[in-house]
There are 2 protein chains.
Amino acid sequence: MTETSTIDSARRTGELLPRLSRIVGTGHVLTGGDLTRSYESDWTGRWSGRCLAVVRPANTAEVAAVVAECGDHRVALVPQGGNTGLVGGSTPDGSGSQIVLSLTRLNGIGAVERESGQIPVGAGVSLTALQQAARAAGYDAGLDLGARDTATVGGLAACDAGGLKAVRYGTARARIVGVEAVLADGSTVSRMAGLLKDNAGYNLPALLIGSEGTLAVITEVLWKLVPRLDARATALIAIDSVQQAAQIAGPLMASLPSLEVLELMTETGIRVTLDYLDQAPPMAVTPAWVLVQCAARTDPQDELIEALDGIGVAGQAIVAVDAAGTERLMRIREGHPEAVNHGGVSTKLDVGVPLRALGRFLEALPTVVERAAPGARLVAYGHLGDGNVHVNVLGPDPDDTTVDESVLELVAGCGGTISAEHGVGRHKAAYLALIRSAADRAAMRAVKHALDPDEILNPGTVLA
Amino acid sequence: MTETSTIDSARRTGELLPRLSRIVGTGHVLTGGDLTRSYESDWTGRWSGRCLAVVRPANTAEVAAVVAECGDHRVALVPQGGNTGLVGGSTPDGSGSQIVLSLTRLNGIGAVERESGQIPVGAGVSLTALQQAARAAGYDAGLDLGARDTATVGGLAACDAGGLKAVRYGTARARIVGVEAVLADGSTVSRMAGLLKDNAGYNLPALLIGSEGTLAVITEVLWKLVPRLDARATALIAIDSVQQAAQIAGPLMASLPSLEVLELMTETGIRVTLDYLDQAPPMAVTPAWVLVQCAARTDPQDELIEALDGIGVAGQAIVAVDAAGTERLMRIREGHPEAVNHGGVSTKLDVGVPLRALGRFLEALPTVVERAAPGARLVAYGHLGDGNVHVNVLGPDPDDTTVDESVLELVAGCGGTISAEHGVGRHKAAYLALIRSAADRAAMRAVKHALDPDEILNPGTVLA
């Protein structure tokens with residue numbers, strides 16, 4: 001860059017913030033470490049950067065104007081919802097030149113349409129708020145995850161979030177029947193008719209879901225609710241080995257139509273979490289615990305017990321008898337991320353393998369981690385029914401990529417994915433080649449270049 | 001083009017067919033009207049063209065080689081499955097310079113994986129063959145449509161087909177969990193792991209599904225089966241007006257979890273079809289008939305009758321008492337396309353409107369058609385639960401676009417789509433602007449240009 005163009009660029013950047021203030025109001029352009037800090041780091045402390053400013057538009061039109069203005073100034077934007085991501089996809093890099101585009105003010109919730117069970121929700125609406133609106137209208141959101149109070153609908157869409165109930169209702173992609181989004185040139189695409197069948201041209205919403213803010217800024221979605229099921233039955237099963245845990249997933253899913261949650265915990269994680277929660281183990285700690293929850297209109301407890309009996313694990317299971325007992329069992333699984341975080345900044349991987357390879361993967365994992373980081377503490381847990389394992393390794397410097405490489409190579413060898421539900425972010429962009437062919441990556445890059453030629457939207461995320 | 005380059009081009013095109021023969025074998029490059037005719041016209045006779053040759057590769061590698069070779073020669077390809085499309089998306093234009101890429105030889109069916117209920121199927125497998133394989137393994141394909149014997153899985157994927165059971169299981173998009181496809185540059189993308197959660201980069205399969213062979217040639221898909229339900233109950237309801245028919249859709253879907261089929265027929269179509277089938281009406285012919293079918297593990301007849309009673313239409317309904325009776329009722333709905341076709345080449349539109357606007361649309365439709373084509377015969381029927389109406393108009397020259405324009409404008413005014421499940425094809429490319437904004441169309445065009453810069457794949461389809 002010549003000296004003149006550097007000066008031009010600085011002068012132009014200096015003009016940017018006043019322009020953005022005119023769009024969103026001065027109070028919604030935040031600068032200075034005190035105001036911006038919470039937007040610049042993720043909650044685990046693993047991802048931390050510095051931004052030029054945080055900009056907080058109130059609606060789609062303001063988002064569009066902000067994106068257009070930043071595009072004119074060639075200043076990159078990092079879209080951010082609840083900032084609960086774990087892969088560096090919602091925090092700025094260290095340059096101090098990026099804008100964090102916070103979408104939490106887009107928090108409008110429409111009414112549920114009775115004919116279709118669909119509800120329009122702003123990108124900034126928290127999952128908890130969506131769940132509450134759904135339940136109040138006699139429905140359920142059909143998606144749940146631990147970060148529900150903070151995670152936003154826009155983030156769920158951008159990462160194609162999965163969570164606890166995907167085994168029954170699919171991921172965010174299955175729930176989202178309409179999207180409104182701002183493209184990199186500041187134009188707005190709206191597909192909010194909520195039609196079950198609509199194949200008039202390319203399905204842009206399907207492309208934008210899971211693109212982690214790199215192709216467009218999702219500002220609103222139309223969410224397809226599921227019937228509210230108020231009767232629940234919950235069991236915790238003690239299993240002698242991770243391989244056996246993997247083996248019961250298929251039969252349980254096949255024999256339990258009311259299955260809504262099917263989770264895996266392993267020994268180290270169970271102990272670490274019970275310690276952190278200061279809770280006594282509800283049963284003997286074994287190499288693996290499997291948590292099963294069914295949901296139906298009428299009490300599914302008999303069905304659950306029958307299914308456990310059918311696959312020969314009823315004798316190793318405890319069944320919650322009331323809401324408090326259910327909450328205690330669920331809390332152990334849900335306490336895992338906090339318990340791990342309490343132990344320090346860890347290497348975090350969110351991988352998925354086909355069920356047929358899950359036993360093999362889980363068996364090999366400790367050896368692979370020990371070889372990569374001798375003496376490190378491995379905490380693996382996750383969504384058993386989805387073959388989705390959260391791998392946490394405490395000990396090595398999180399910037400040391402030895403563990404990441406070893407585990408992701410194991411995943412690739414099992415025919416799995418380097419990201420099941422957290423996204424690629426900046427963290428795993430370099431590993432995409434492990435599971436996506438050169439042709440596949442070239443196609444992704446071509447799509448990115450077509451929709452964001454100037455790399456305005458979340459550069460460095462997904463594609464390195 | 002200069003004279004020299006025309007000669008060059010002709011010489012190069014002359015080299016193409018021998019090269020394609022070396023890839024697929026001489027017997028699978030068809031030229032000359034007798035051999036190519038059935039590939040050059042659709043079954044309704046509405047869409048008819050002329051091709052340079054029909055090429056019939058046997059597998060993905062041959063498809064890739066054919067696409068690469070055609071790309072080198074700048075010769076466009078029209079991918080074709082069962083050629084049951086209705087919008088000119090699978091037949092060549094009149095230039096005689098395009099290659100029809102027939103995929104019917106890619107007809108391999110893999111085994112059902114028990115853990116996941118997934119089955120790999122080649123693009124050329126017919127829907128009937130998929131359904132049979134599914135049923136033999138204790139599953140159901142979860143998708144059905146009248147052209148099942150001829151329509152191929154590749155075509156279902158390319159058009160995001162809907163059909164009869166979408167009201168319960170969603171469209172092809174919901175069933176397809178993996179795609180293998182050849183891109184315009186001859187490279188192959190494969191996402192066939194069948195993971196429930198996999199957000200590692202852009203979801204290219206989601207983009208390719210419904211792109212009508214304009215972004216890639218789908219060669220194989222991984223299909224997610226649904227449980228086989230052998231107990232069925234079927235009813236036909238006589239309704240006094242199309243508006244009332246539209247009004248019962250929501251309550252029926254809400255009160256009947258076992259609902260699998262919810263179809264609409266209207267008076268002219270009912271009479272034309274009964275005539276064509278030489279069948280006596282099973283009950284009084286009214287302005288609208290609604291066909292309902294439930295499927296469950298145990299006999300859903302009581303549930304069906306209770307639901308009909310609950311919405312106050314039990315008195316107007318007949319219920320099939322055996323398989324032959326069911327077949328007779330279904331045959332009336334399924335006979336509609338043939339009956340219409342028997343009446344001549346018609347203007348065919350496949351539109352969708354939100355359920356909230358369906359009554360208004362159906363009420364206005366006859367007036368709009370009569371104004372556009374006085375004296376024409378309107379036959380409207382379709383998938384009530386999806387708000388998906390097939391509009392057939394007999395009388396005007398199918399090349400006269402007055403009816404198309406009028407009906408599609410009505411659809412747009414109702415917040416609907418100009419294509420619900422048939423696709424845009426060449427037929428409706430010019431009408432995309434009625435329902436997709438300039439920004440939306442620009443994004444589609446950018447994606448097309450990114451993945452197929454030389455317009456090798458199905459030019460003129462989707463984007464005019």
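The values are calculated or read from the model by the stated rules, or taken from the named source; none is laboratory data. None of these values were measured; they are calculated from a predicted model. So basically every Cβ, Gly included, is an ideal-geometry build from the backbone, and we count neighbours across all protein chains shown. Note: accessible area is taken over every heavy atom of the protein model, side chains too, but ligands, DNA and RNA are not part of it. Shrake-Rupley method; radii C 1.70, N 1.55, O 1.52, S 1.80 Å.
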**Report entry** Test for A:GLY423: is it open to solvent by less than 30 Å² (accessible area, probe 1.4 Å), closer than 30 Å to A:ARG168 by Cα and within 13 Å of chain B (Cβ to nearest Cβ)
**Finding:** yes
Query raised in the report: Any residue at all in the range B:368-391 that is among the acidic types (Asp, Glu), under 30 Å from B:GLN98 (Cβ atoms) and either more than 13 Å from every other protein chain (Cβ to nearest Cβ) or surrounded by 19 or more Cβ atoms within 10 Å (Cβ to Cβ) (or both)?
Result: no
Requested in this report: Tell me which of these A:ALA433 doesn't satisfy, since it passes every other one: (1) surrounded by fewer than 20 Cβ atoms within 10 Å (Cβ to Cβ); (2) touching a Phe, Trp or Tyr at 6+ places or on another chain (Cβ under 7 Å); (3) hydrophobic (A, V, I, L, M, F, W, C).
Outcome: (2)
Query raised in the report: Of all residues in the range A:403-419 being under 10 Å from A:LEU365 (Cα atoms) and touching a strand residue (DSSP E or B) at 6+ places or on another chain (Cβ under 6 Å), which is farthest from the other protein chains (Cβ to nearest Cβ)?
Result: A:VAL407
Report task. Restrict the check to the range A:355-377 and report whether at least one residue is touching a Ser or Thr at 6+ places or on another chain (Cβ under 7 Å) and modelled with pLDDT under 95. Result -> yes
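Those residues that are more than 7 Å from every other protein chain (Cβ to nearest Cβ) and over 13 Å from A:ALA443 (Cβ atoms), I need them from the range B:443-456; list them, please.
The answer is B:ARG445, B:ASP454, B:GLU455, B:ILE456.
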Query - Residue that is farthest from B:LEU101 (Cα to Cα) [pool: residues in the range B:185-217 that are open to solvent by 10 Å² or more (accessible area, probe 1.4 Å) and polar (S, T, N, Q)] - result: B:ASN203
Query - Positions within the range B:127-171 being of a type in the set (Asp, Glu) and within 14 Å of B:ARG228 (Cβ to Cβ), in sequence order - result: B:ASP140, B:ASP144
Report summary line: How many residues of the range B:338-360 are in contact with a Gly (Cβ under 7 Å, 6 or more places away or on another chain) and under 16 Å from B:LEU384 (Cα atoms)? The answer is 7
Query raised in the report: Of the residues that make up the range B:251-270, is at least one open to solvent by 10 Å² or more (accessible area, probe 1.4 Å), in a helix (DSSP H, G or I) and at pLDDT 95 or above?
Result: yes
Query raised in the report: Of all residues in the range B:335-356 being surrounded by fewer than 18 Cβ atoms within 10 Å (Cβ to Cβ) and touching a residue at least 12 places away in the same chain (Cβ under 8 Å), which is nearest to B:GLY89 (Cα to Cα)?
Result: B:VAL345
Report summary line: From the option list B:GLY395, B:GLY413, single residue qualifying as surrounded by fewer than 24 Cβ atoms within 10 Å (Cβ to Cβ) and closer than 30 Å to A:VAL112 by Cβ is B:GLY413
Report task. Among the candidates B:THR152, B:THR91, single out the residue that is among the hydroxyl-bearing types (Ser, Thr, Tyr), open to solvent by less than 30 Å² (accessible area, probe 1.4 Å), more than 16 Å from B:LEU222 (Cα to Cα) and more than 14 Å from chain A (Cβ to nearest Cβ). Result -> B:THR91
Query raised in the report: A:ASP404 versus (1) among the acidic types (Asp, Glu); (2) open to solvent by 20 Å² or more (accessible area, probe 1.4 Å); (3) more than 27 Å from B:ALA442 (Cα to Cα): which is the lone unmet condition?
Result: (2)
Report summary line: Counting only residues in the range B:129-143 that are within 14 Å of chain A (Cβ to nearest Cβ) and not in a strand (DSSP E or B), the one most open to solvent (accessible area, probe 1.4 Å) is identified as B:GLY138
**Report entry** Selection count where residues are open to solvent by less than 20 Å² (accessible area, probe 1.4 Å) and not in a helix (DSSP H, G or I), scope the range B:50-72
**Finding:** 5
Query - Residue count for the range B:271-314, restricted to those that are closer than 16 Å to B:PRO251 by Cβ and part of a helix (DSSP H, G or I) - result: 9
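Examine the range B:309-319 for a residue that is within 14 Å of chain A (Cβ to nearest Cβ), of a type in the set (A, V, I, L, M) and open to solvent by 10 Å² or more (accessible area, probe 1.4 Å), and state whether such a residue exists.
yes
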Query raised in the report: Can you pull out the residues in the range A:337-360 that are in contact with a Phe, Trp or Tyr (Cβ under 6 Å, 6 or more places away or on another chain) and away from chain B (no Cβ under 14 Å)?
Result: A:ALA339, A:HIS342
Query - Qualifying residue in the range A:118-128 (condition: part of a helix (DSSP H, G or I) and either among the basic types (Lys, Arg) or surrounded by 24 or more Cβ atoms within 10 Å (Cβ to Cβ) (or both)) - result: yes
Query raised in the report: Take the residues of the range B:229-246 that are out of contact with any helix residue (DSSP H, G or I) (no Cβ under 6 Å at 6 or more places or on another chain) and not hydrophobic (A, V, I, L, M, F, W, C): which is nearest to B:PRO282 (Cα to Cα)?
Result: B:ASP240
Query raised in the report: Inside the range A:292-308, can you point out the residues that are more than 15 Å from A:LEU229 (Cβ to Cβ) and open to solvent by 60 Å² or more (accessible area, probe 1.4 Å)?
Result: A:ASP302, A:ILE305, A:GLU306
Query raised in the report: Quick one: which helices (runs of 4 or more DSSP H) sit completely within the range A:161-230 and have at least 3 residues that are within 7 Å of chain B (Cβ to nearest Cβ)?
Result: A:204-208
